[in-house]
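The values are calculated or read from the model by the stated rules, or taken from the named source; none is laboratory data. Keep in mind it's a predicted model, so treat the numbers as computed, not measured. All Cβ positions, even for glycine, are placed from backbone atoms using ideal geometry, and neighbour counts span all protein chains on display. When the accessible area is computed, the model is the full protein with side chains, heavy atoms only, and any ligands, DNA or RNA have been set aside. Shrake-Rupley method; radii C 1.70, N 1.55, O 1.52, S 1.80 Å.
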Amino acid sequence: MGAGLIASGILHFVTPKGFDSIIPEEIPVSKRALTYASGVAELAIGAGLLMPRTRRVSALAAAALFVAVFPANVNTIRVFKDRPIGYRLAAIARLPLQVPMITSAVQVFRRSA
């Protein structure tokens with residue numbers, strides 16, 4: 001989970017346009033600022049998960065992050081409405097994957113000293 005978050009955090013800086021595009025229009029903040037902020041959060045949380053000393057608090061932060069980005073994942077379905085069916089199906093299939101990500105983070109939190 002830590003390595004995955006670090007990889008995703010890096011992508012926020014390498015290819016920010018894709019992340020910008022899924023942020024709901026209704027959020028009255030700069031999309032690029034939110035993309036970079038979530039990238040920083042993912043990098044920090046991912047690094048924290050890799051270190052036993054910070055794993056517990058980082059796991060709790062990971063669960064919170066996964067809940068916080070859920071609206072963007074839902075918005076992806078709306079954004080992809082005119083894209084090929086494969087993109088739309090991938091966006092829809094992604095939503096239920098948030099549940100095991102959240103529960104896995106909570107399990108890491110509970111198992112960490």
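One residue is enough: does the range 82-100 have a residue meeting the conditions open to solvent by 70 Å² or more (accessible area, probe 1.4 Å), in a loop (DSSP other than H, G, I, E, B) and either under 21 Å from residue 12 (Cα atoms) or of a type in the set (D, E, K, R) (or both)?
yes
Conditions tested, residue by residue: (1) in contact (Cβ under 8 Å) with a residue 12 or more places away in the chain; (2) basic (Lys, Arg); (3) within 14 Å of residue 1 (Cα to Cα).
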site: 28; (1), (2), (3): no, no, no
site: 33; (1), (2), (3): no, no, no
site: 39; (1), (2), (3): yes, no, no
site: 43; (1), (2), (3): yes, no, yes
site: 63; (1), (2), (3): yes, no, yes
site: 82; (1), (2), (3): no, no, no
site: 89; (1), (2), (3): no, no, no
site: 103; (1), (2), (3): no, no, yes
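Please tell me if residue 110 is open to solvent by 80 Å² or more (accessible area, probe 1.4 Å), part of a helix (DSSP H, G or I) and free of Cβ contacts under 8 Å to residues at least 60 places away in the same chain.
It is true that residue 110 is open to solvent by 80 Å² or more (accessible area, probe 1.4 Å), part of a helix (DSSP H, G or I) and free of Cβ contacts under 8 Å to residues at least 60 places away in the same chain.
Across the range 1-40, what is the total count of residues that are open to solvent by 30 Å² or more (accessible area, probe 1.4 Å) and in a helix (DSSP H, G or I)?
The qualifying residues number 20.
Name every residue in the range 46-61 that is out of contact with any Gly (no Cβ under 8 Å at 6 or more places or on another chain) and assigned to a helix (DSSP H, G or I), in order of residue number.
Answer for the range 46-61, where residues must be out of contact with any Gly (no Cβ under 8 Å at 6 or more places or on another chain) and assigned to a helix (DSSP H, G or I): 56, 59, 60.
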